[in-house]
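Below: one structure in structure tokens.
The values are calculated or read from the model by the stated rules, or taken from the named source; none is laboratory data. None of these values were measured; they are calculated from a predicted model. Because the Cβ atoms are built from the backbone with ideal geometry, glycine has one as well, and the counts that use them run over all protein chains shown.
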């Protein structure tokens, strides 16, 4: 019964994704622009020293690959959050929430389905980057799967949590300004944190407290067959906290989604 | 009433300081069509949201076939089918995909799902639209699909929250005929909220909800006779004026 329900939720997300193929293209355009255009311009300006997990000098393009994978998942998490707010405004979220399955199970199923879609997009990006000769170690593409899954869950849970707070679609511009961009730029996605520390100690510490930094580092290490325990711990704990808060947010007893209905 | 399928007792609900439902009590028998009549803002959608557990009422009890909704909410949801006021179908998916998604949310196995989809679409004369995208259907057909979807898990009660709003007169008439036939043929109980008085027929059981309070629960024709009123409109006006006082 639970498996049937989970498969149903996953299938719906896949069908919707397939129906909205332009989503894949727009999800890939952003990181590819960073990889091809931004990185070409910044390669000379931003020299990357040898830092773990890298054992030799790497190009800037190679450095930003994990960060851009994270960005795809960050935007996908926010996209699914946006679609949940839309679903709620349009009413289709009610179909999910009136299922007799336990609500935490339904929300986690939705999270997992969203994470699966995110990972598909990341692998499409890895494939294009590979063709552009920006490559990690071949085994790394397999070993990174758990890190990608955890990151996708973290960012999906954040999206779910935000969707339980946000009452109207119009408020989503604020999410881009106050959540997505700060998370992205105040992280190790585009530049190593020691570079940030050279410029500003307090900015460095903000980056350290950003869970997205740890998610990116988890992916970076996993791509090179290494395990970053601290990054895994922070990402895992934040995923649990965000998921729990989102489930609480969708609880009809205490929920933040409790609002006036018409009629 | 004997063995009611749904019992609501002293239900209350607040939005901040405003009381949306006040001591709402009623009971519904199996196989009957109940029209829940009330103006916009009377509390109909709030009542439906509580019945399908999108909201939790701080006071009152709901029992479905003897099962207490507060104690066994999942068991109760298994027995309720709902069609919301807003359309809730996924426009980019086919009719079958929308129905299959709903069936999966109720844990129905694949073979059962296929069979029930065929049965329900046949019931609403929609079998030939099975593979069509919902986007390509007109408003009346979309509503039929939503009702078919709400029946897939074979609930004991079907809640229709202003399900005919936005449809033209002839589609509404057809839909209303279908729904009454559904009650008599399958034994399901239907509670249909509406503010469109012309949808209520003299043979219907009537519940009038005004300002969050049930003003009447009686067979429409009986209520008209006892108050010596000659139309449903006059009956509704009578209770509306009472509720406003």
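Which of (1) at pLDDT 90 or above; (2) buried (at least 17 other Cβ atoms within 10 Å of the Cβ); (3) more than 30 Å from residue B:73 (Cα to Cα) is the odd one out, the single condition residue A:158 does not satisfy?
Every listed condition holds for residue A:158 apart from (3).
Which residues, counting only those in region B:15-36, are within 12 Å of chain A (Cβ to nearest Cβ) and in a strand (DSSP E or B)? Please lay out each step first, then the result.
Restricting attention to region B:15-36, the residues satisfying the condition of being within 12 Å of chain A (Cβ to nearest Cβ) are B:15-16, B:18, B:20-21, B:36.
Selection gives B:15, B:18, B:20, B:21, B:36.
Just to be sure before I move on: is residue A:32 within 14 Å of another protein chain (Cβ to nearest Cβ) and either in a helix (DSSP H, G or I) or at pLDDT 80 or above (or both) in the structure I sent? Reasoning before the result, please.
Working: within 14 Å of another protein chain (Cβ to nearest Cβ): no; either in a helix (DSSP H, G or I) or at pLDDT 80 or above (or both): yes.
For residue A:32, the condition - within 14 Å of another protein chain (Cβ to nearest Cβ) and either in a helix (DSSP H, G or I) or at pLDDT 80 or above (or both) - is not met.
Hey, another quick one. Filter region B:76-99 down to the residues that are farther than 16 Å from residue A:99 by Cα, at the interface with chain A (Cβ under 7 Å from one of its Cβ atoms), at pLDDT 90 or above and outside any helix (DSSP H, G or I) and list them by number.
Within region B:76-99, just B:93 meets the criteria.
So which residues in region B:58-70 are modelled with pLDDT of 90 or more and over 14 Å from residue B:7 (Cβ atoms), if there are any at all?
Here is the first cut: in region B:58-70, the residues modelled with pLDDT of 90 or more are B:59-70.
Hit for region B:58-70 is B:59, nothing else.
Filter region B:120-138 for residues that are loosely packed, with under 14 Cβ neighbours inside 10 Å and either touching a strand residue (DSSP E or B) at 6+ places or on another chain (Cβ under 6 Å) or assigned to a helix (DSSP H, G or I) (or both); which is modelled with the lowest pLDDT? Step through it out loud before you land on a result.
So in region B:120-138, the residues loosely packed, with under 14 Cβ neighbours inside 10 Å come out as B:122, B:125, B:128, B:131, B:135-136, B:138.
After this cut, where a residue has to be either touching a strand residue (DSSP E or B) at 6+ places or on another chain (Cβ under 6 Å) or assigned to a helix (DSSP H, G or I) (or both) as well, the list is B:122, B:128, B:131, B:135-136.
Details: B:122: 90, B:128: 94, B:131: 95, B:135: 93, B:136: 94.
Filtering region B:120-138 for residues that are loosely packed, with under 14 Cβ neighbours inside 10 Å and either touching a strand residue (DSSP E or B) at 6+ places or on another chain (Cβ under 6 Å) or assigned to a helix (DSSP H, G or I) (or both), the one modelled with the lowest pLDDT comes out as B:122.
Restrict the check to region B:64-73 and report whether at least one residue is crowded, with 21+ Cβ neighbours inside 10 Å, facing another protein chain (nearest Cβ under 7 Å) and assigned to a loop (DSSP other than H, G, I, E, B). Spell out the reasoning first.
Residues of region B:64-73 crowded, with 21+ Cβ neighbours inside 10 Å: B:64, B:69.
Checking which are facing another protein chain (nearest Cβ under 7 Å) leaves us with none.
Checking region B:64-73: not a single residue is crowded, with 21+ Cβ neighbours inside 10 Å, facing another protein chain (nearest Cβ under 7 Å) and assigned to a loop (DSSP other than H, G, I, E, B).
Determine whether region B:104-114 contains at least one residue that is surrounded by fewer than 16 Cβ atoms within 10 Å (Cβ to Cβ) and facing another protein chain (nearest Cβ under 7 Å).
Taking every residue of region B:104-114 in turn, at least one turns out to be surrounded by fewer than 16 Cβ atoms within 10 Å (Cβ to Cβ) and facing another protein chain (nearest Cβ under 7 Å).
In region A:88-112, how many residues are closer than 13 Å to residue B:105 by Cβ and part of a helix (DSSP H, G or I)? If you could, list the steps in order and put the result at the bottom.
From region A:88-112, those closer than 13 Å to residue B:105 by Cβ are A:92-103, A:105-107, A:109-110; that's our starting set.
Subsequent filtering for residues that are part of a helix (DSSP H, G or I) retains A:92-97, A:103, A:105-107, A:109-110.
Final tally of qualifying residues: 12.
Restricted to region B:2-14, and to residues that are surrounded by fewer than 14 Cβ atoms within 10 Å (Cβ to Cβ) and either assigned to a loop (DSSP other than H, G, I, E, B) or touching a helix residue (DSSP H, G or I) at 6+ places or on another chain (Cβ under 9 Å) (or both), which residue is nearest to the other protein chains (Cβ to nearest Cβ)?
Initial filter on region B:2-14 (surrounded by fewer than 14 Cβ atoms within 10 Å (Cβ to Cβ)): B:2-3, B:10.
If we keep only those that are either assigned to a loop (DSSP other than H, G, I, E, B) or touching a helix residue (DSSP H, G or I) at 6+ places or on another chain (Cβ under 9 Å) (or both) as well, we get B:2-3.
Numbers: B:2: 27, B:3: 22 Å.
Per the stated criteria, the residue is B:3.
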